[in-house]
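See structure below.
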Amino acid sequence: MALSEEALPTASPARTRALVWELLRPRRGLALAAFAVMVGATAFGLLPQPLLGHIVDLVAEGRPASELTTPAVLLVLVAVLQGGATALGLTLISRLGETMLAALRERFVERALLLPQERVERAGSGDLTARVTGDVSRVAESVRNAMPELARSLLAIVLTLGALALLDWRFLVAALLAVPVQAHTARWYVRNAVPLYARQRVAAAGIQQRLLDTIGGAETVRAFRMEDEHTGRVAKASRAAIELTMRGVRLVVGFYSRLHIAEYIGLAAVLFAGFLLVRDGTASIGTATAAALYFHSLFGPINNALVLLDDAQSALAGLARLAGVATLPPEPEPEPEAGQEAAAGQGREVTVAGAGHAYEAGRPVLRGVDLVLRPGEQVALVGASGAGKSTLARIVAGVQRPSAGTVRLPAARPGAARAVVLVTQESHVFAGPLAEDLRLARPGADEEELRSALDLVGALEWADALPEGLDTVVGEAGHRLTAAQVQQLALARLVLADPEVAVLDEATAEAGSAGARALERAAARAARGRTALVVAHRLTQAATADRIVVMEDGQVMESGTHEELLALGGRYAALWEAWSDTRATAG
């Protein structure tokens, strides 16, 4: 897959700045308070240099030691005040950054969940997971460490230069001799770092996608003896990432070398200016000392600010990738083609008219499918792998948009959030108490409703047997559920959501042969009283449906009851005969 062509978008600098301002606007009060406190803390930090210069003058003039007491006490007091104000300012900046980051994460997740499934699949799960893990971590690290330190360093630079000007404008001119070298270094670094770090993030996403493909399809890789090929792909992606990393290391080494040259130029110029001013009697030794100390104190803030460009550029690259998803406009509804009608929630029937779909141009997986599900009817989809069953199910569920045709769905039941709920064979257990996992389907459900839903799908017995009942933590780092229990949990969520239409896409496939019949009965109870479209994993499940629809090559070939299709002697009858022979042989 050409990741660079299929990857989700990266926001432009203008869009990234607009998003940051949008997140900052409701927090302007906190931002102003943090800025004011940091200005005060930095101002306190500028007092030790003139106090030390005053002490130098007192010593040079031969004053008694008692006169050193006052400036010494003031130095201690300034240190205490500066420490307290700095701690408060950094706390406020961190709070500002964390709240903005939390809002950004929420925006990203909200927008990512609304992305069309086919767009996520084209980009690859590695791209999305790299953004929500690596990029979020990089931005979070910058917010917690780099941003507060960068803010303090920039304030210290500005105010220290102002203090140099107050001592004597010529000290400021001497200090500014280092600026051209520093500015050139910063421009050179940013010009090279921004594209380099962006390429590094894309390369990281590529590695993640290769690993996900290889690990997720490990059985297929081994079955076709493709281990060397997949290992080579991962190694190639890793070598590309390593090369980009080493280019980054060389870039940072050159960056530091140029900074040291700037420091030497600036300090030599300030010391020489101090020598000339003291010789001419226009400045005291203490003033020259204070100027040298001021410039020396700039080493830390300037180096920090420039060095933090490394973290800032990496974080900005990650922020642009997050903003690329967070600022995506809503996907427009596809315009109906000639002769098509716009879908609308009228009546209680599910109507699929002329549905066609292709994941790749010129390779349709659905071809003009017409299907009507009557209210409360249980319809089973059967057919060989690749017949288009799951695609049709996803289209009815609203997960996939048809390339052609329309789908009409009934309105949601009173009190239900959605008209249609899809349950697949790959259900997820969210980390947390079992009760909260169930309440994802109905947030306000009480314990009695949860227990009733579990009982309906045959899961109450094992749920009560958990160490803490419904309060038991399940999922990652919690109690691990079996594949059958996971599917029962998904079916219980379906019951709680109470949709008008239930779509079950091989929802009983993960149970294995032993638990298949029990899970099929659970699925039937969960779908009772609803219009249901069931992609049948086993023909025994299809045989109990009100109607069976046989698909082949993306088209509906047969439709009828189990008895009608057997009597027809067509494709379904052949499938049933093959299924029955297999079961008899296994028996």
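The values are calculated or read from the model by the stated rules, or taken from the named source; none is laboratory data. Small disclaimer: the values here were computed from a predicted structure and weren't measured. Backbone-built Cβ (ideal geometry, glycine too); neighbour counts: all protein chains shown. Side chains included, ligands, DNA and RNA excluded: accessible areas come from the protein's heavy atoms. Shrake-Rupley method; radii C 1.70, N 1.55, O 1.52, S 1.80 Å.
A few comments on the model shown:
- Index of the failed condition, Val80 passing every other in (1) buried (at least 20 other Cβ atoms within 10 Å of the Cβ); (2) free of Cβ contacts under 8 Å to residues at least 60 places away in the same chain: (1)
- Filter result (crowded, with 17+ Cβ neighbours inside 10 Å, more than 39 Å from the chain's Cα centre (by Cα) and not aliphatic (A, V, I, L, M)) within segment 152-186: Thr160, Asp168, Arg170, Phe171
- Considering (1) crowded, with 23+ Cβ neighbours inside 10 Å; (2) on the phi < 0 side of the Ramachandran plot; (3) not charged (D, E, K, R), the lone condition that Ser390 does not fulfil carries the number (1).
For every residue, the table says whether it meets (1) open to solvent by 90 Å² or more (accessible area, probe 1.4 Å); (2) within 18 Å of Thr129 (Cα to Cα); (3) in a helix (DSSP H, G or I); (4) touching a Lys or Arg at 6+ places or on another chain (Cβ under 7 Å).
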residue: Ala205; (1), (2), (3), (4): no, yes, yes, no
residue: Gln208; (1), (2), (3), (4): no, yes, yes, no
residue: Leu212; (1), (2), (3), (4): no, yes, yes, no
residue: Arg239; (1), (2), (3), (4): yes, no, yes, no
residue: Met246; (1), (2), (3), (4): no, no, yes, no
residue: Val249; (1), (2), (3), (4): no, no, yes, no
residue: Val252; (1), (2), (3), (4): no, no, yes, no
residue: Arg258; (1), (2), (3), (4): no, no, yes, no
residue: Ile261; (1), (2), (3), (4): yes, no, yes, no
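- Taking the criterion of being under 20 Å from Gly570 (Cβ atoms), more than 36 Å from the chain's Cα centre (by Cα) and not in a strand (DSSP E or B), the residues of segment 361-395 that qualify are Gly383, Ala384.
- Residue count, segment 396-426 (criterion: open to solvent by 40 Å² or more (accessible area, probe 1.4 Å) and either part of a helix (DSSP H, G or I) or small (Gly, Ala, Ser) (or both)): 6
- Yes/no for Ala459 being over 23 Å from Val501 (Cβ atoms) and more than 32 Å from the chain's Cα centre (by Cα): no
- Residue that is farthest from Arg363 (Cα to Cα), among those in segment 546-560 that are open to solvent by 60 Å² or more (accessible area, probe 1.4 Å) and in a strand (DSSP E or B): Ser559
- For segment 344-355, a residue qualifies if it is within 22 Å of Val534 (Cβ to Cβ), in a strand (DSSP E or B) and either open to solvent by 40 Å² or more (accessible area, probe 1.4 Å) or free of Cβ contacts under 8 Å to residues at least 60 places away in the same chain (or both), and the qualifying residues are Thr351, Val352, Ala353, Ala355.
- Any hit, segment 93-114, residues being more than 16 Å from the chain's Cα centre (by Cα), small (Gly, Ala, Ser) and either part of a helix (DSSP H, G or I) or surrounded by fewer than 13 Cβ atoms within 10 Å (Cβ to Cβ) (or both): yes
- Top-ranked residue of segment 455-480 - restricted to ones that are open to solvent by 30 Å² or more (accessible area, probe 1.4 Å) and assigned to a loop (DSSP other than H, G, I, E, B), ranked as nearest to Val420 (Cα to Cα): Gly458
- Annotation: of all residues in segment 295-341 being modelled with pLDDT of 80 or more and polar (S, T, N, Q), the one that is nearest to Thr10 (Cα to Cα) is Thr327.
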